[in-house]
Amino acid sequence: MRISHENPSVGGVARVSGATLTRAAPPSVVRVDHLVKRYGATTAVADLSFSVRPGEIFGLLGPNGAGKTSTIEIIEGIRTPDSGTVEVFGLDIQRQRRAIQGRVGVQLQSTTLFPELTVQETLGLFGSFYPHARPVRELLREVALEEKAHAFPQDLSGGQRQRLALALALVNEPELVILDEPTTGLDPQSRRALWDIIQQLRQRGVAIILTTHFMDEAQILCDRIAIVDHGQIIAEDTPAGLIALLGASAAIAFQVVVPTGATAPDLAMVRQLPGVEDARAGLDQLILYTRQTEPTLIALLHLAEHAGVTLEHLQLHTPTLEDVFIKLTGRQLRS
Amino acid sequence: MRTYLRLTSSMIQMLRRNVALVLSSLGLGIVSILAFGLLFGNGGNVTPQLGVVDEDQTPLTTQMIQSLAHSTTVHISIGSRATEIDALRGAHLNAVIIMPAGFTAALMGGNAQMPVYYDQSNPTSWLIAQVTVQQVVQQLSGVHLPITLQTQAISVHNLRTIDFLTPGMIGMMLMWANLGIGTILVSWRQVGIMRRLAATPLRPGILIAAQMSARLLLSLIQAAMLLVIAMTVFKVPVYGNLGLLAGVVTLGTLTMLAIGFIIGGLTAKPEVANAITFLISFPMMFLGGSYFSVDNAPAFMRPVTQFLPLTHLNDALRQIINNGASFAAIQNDVFVLIAWIVLGSLVATRAFRWV
Ligand SMILES: Nc1ncnc2c1ncn2[C@@H]1O[C@H](COP(=O)(O)OP(=O)(O)OP(=O)(O)O)[C@@H](O)[C@H]1O
Ligand SMILES: [Mg+2]
């Protein structure tokens, strides 16, 4: 399903624009250069390069197993790469790990803490690992865990545990915050609260790297996004820039109900409709990406009438990051 | 330093909340003491083996040897100086006493010298020998014979099984409680606690030091509790200096912790770490002389028992508790334990892995 011949040009365009911007901007907070990480026969990260600028929110998107966590954990100094280099604040992560770690805040994809220490004690303990630590009360307030100060981690709900993990990432007033799926398992309020925290951090000049499987979140939060698949960056740009790659001004989604005796129009047929840039089959629906909404819609309705099928749940929306993502990675993200 | 103190207090807090762990290791020691205490009570004795050499061959010496042969507190073997000393070297005897030619005459003259040979290289055997010879001399002196031992005078303690066992149980408890740190380390790694710590600038050495300090505090308390139970319930006398005793408990604890950290660094699964810990501690419990003296072990076992840190820990504890030994008397054991700590910690730091 994947339109592979388009990928190189997509990646190429994005990198060129990225490089132009880098020259004007101050030096990068993070520079990842030709990174490779293998686990036995699996190559999790295959020659991956990108950089993160001061005060920007950089998103890593990609399907499960794309290599996001592997990449991030190398930047965090937890895993060692097989080849390639990572510089944070201009320091080499392999040689000056601790100096870097003192200035970085980290939320792992899943965080396990000492079961015998309370929330408050855990925050205090982690604070002692750094030269400067924020007051525990303040951190608790920031992630709305004041009531749970004396609870043990295993007695927290999943979302509360996520928030504790976030508080741990903020304990040392970091200059760079790396969050691996920080909003997974959060309720809508907590999610929005986290977005606020992230945006406040950016206002203070903190650079942020985050991964997420929520496309709306990435679109709202991220200044730049790299889409990763099979350990490689297949596109890198601003959310708007990525969406522009689709070359479509609208997405038309619908379900086809086929009465007995009638035959459903296939993907090839709808691709021929006027204005259609691309078409793909979703879980139980078809999606058309079009440059000219009206002619496409009219032709679509004619086609349906002619074939004797009905269209249900017909929806029209402006293309989103999710559409780009599905187009580039060729699969539904959370299926 | 701030990190170390904070981490140590957190570790102590964690131990305090982990009641099961504290109770199980202390429980093993107490249960053993209670079981052996009830089994043997005040009656059971370690029967020492004493070599007797009669070079005087007078009716008096013959009579003395006969009275010794009937004694229930000591087993004797009679032979020439050469054969008996050989037997001592082969660890079949705890001591050899000699009645040299002219012994009877000297006795009549009011001051007889009696040379005594101990196996100095084996502290446990030496301890038993010292006590035994004193007992024997006391028996002989029952008829008011003026005998002087040609070794320094020592206080005479009647060593019961329970007295002998108490230091061994302390040693065993220190081993079980502290080798287990390896399994804990591995399980922290497996569940991902170590991964989160690895993302901070915390140094492995500080984590190890803090963990050791917390465990040391716990071990000192556990040893004290065990000792108090032994002293109060079973009236086990403690002759030595308590400060010296605490010092030896400290060395023993650190030795076991260092070995535990090595196990923790070299294994990936808690079950494996646990199995290795068991494989190490179970034989060591017996070969290290926790339950019975290993002095009579076959000669080829000597290098093994002498290698085991628990042997030296138990010996030092026995010397202090049962015999009131000074530092000088246990310095060999102390040096061996310190060597274990230094080398063990070096290896442990090298073997350490976050993830
Ligand atoms: N410790 C490991 N040992 C072996 N293989 C691993 C290990 N960690 C990750 N992998 C493999 O490397 C690949 C990339 O994994 P990674 O965790 O980086 O993906 P991801 O992009 O973070 O995925 P997700 O969105 O599911 O979190 C996967 O195929 C995974 O199975
Ligand atoms: Mg991941």
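The values are calculated or read from the model by the stated rules, or taken from the named source; none is laboratory data. Just so it is clear, the model here is predicted, and its values are computed rather than measured. Positions of Cβ are generated from backbone atoms using ideal geometry, with glycine treated the same way; all protein chains shown enter the neighbour counts.
Structure summary
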read-out: In the range A:26-35, residue farthest from ligand 1 (Cβ to nearest atom) [restricted to those that are surrounded by 17 or more Cβ atoms within 10 Å (Cβ to Cβ) and in contact (Cβ under 8 Å) with a residue 60 or more places away in the chain]; value: A:29
read-out: Residue satisfying all of: in the range B:5-20; surrounded by fewer than 17 Cβ atoms within 10 Å (Cβ to Cβ) and in a helix (DSSP H, G or I); nearest to the other protein chains (Cβ to nearest Cβ) among these; value: B:17
read-out: Test: residue B:289 is surrounded by 23 or more Cβ atoms within 10 Å (Cβ to Cβ) and modelled with pLDDT of 90 or more; value: no
read-out: Residue within the range B:185-197 that is modelled with pLDDT under 90 and either away from chain A (no Cβ under 14 Å) or out of contact with any Cys (no Cβ under 8 Å at 6 or more places or on another chain) (or both) present; value: no
read-out: Within the range A:55-121, strands (runs of 3 or more DSSP E) holding 3 or more residues that are more than 17 Å from the chain's Cα centre (by Cα) and more than 12 Å from ligand 1 (Cβ to nearest atom); value: A:83-88
read-out: Residue in the range A:64-87 that is away from ligand 2 (no atom under 16 Å from the Cβ) and of a type in the set (Lys, Arg) present; value: no
read-out: Selection from the range A:254-268 of residues that are exposed (fewer than 13 other Cβ atoms within 10 Å of the Cβ) and part of a loop (DSSP other than H, G, I, E, B); value: A:259, A:260, A:261, A:263, A:266
read-out: Any hit, the range A:256-274, residues being at pLDDT 85 or above, closer than 29 Å to residue A:220 by Cβ and not small (Gly, Ala, Ser); value: no
read-out: Which listed residue, of A:241, A:247, is in a loop (DSSP other than H, G, I, E, B) and either under 17 Å from residue A:299 (Cα atoms) or touching a residue at least 12 places away in the same chain (Cβ under 8 Å) (or both); value: A:247
read-out: Residues located in the range A:45-100, provided they are among the small types (Gly, Ala, Ser), touching an Asp or Glu at 6+ places or on another chain (Cβ under 6 Å) and within 14 Å of another protein chain (Cβ to nearest Cβ); value: none
read-out: Residue check, residue A:212 buried (at least 19 other Cβ atoms within 10 Å of the Cβ) and within 16 Å of ligand 1 (Cβ to nearest atom); value: yes
read-out: Qualifying residues in the range A:103-131 (those that are over 27 Å from residue B:15 (Cα atoms) and more than 16 Å from ligand 2 (Cβ to nearest atom)) - the one surrounded by the fewest Cβ atoms within 10 Å (Cβ to Cβ); value: A:103
read-out: Test: residue in the range A:40-55 that is under 13 Å from residue A:178 (Cα atoms), within 12 Å of ligand 2 (Cβ to nearest atom) and hydrophobic (A, V, I, L, M, F, W, C); value: no
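The rows are residues; the columns are (1) within 16 Å of ligand 1 (Cβ to nearest atom); (2) touching a residue at least 60 places away in the same chain (Cβ under 8 Å); (3) among the basic types (Lys, Arg).
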site	(1), (2), (3)
A:188	no, no, no
A:192	no, no, yes
A:196	no, no, no
A:218	yes, yes, no
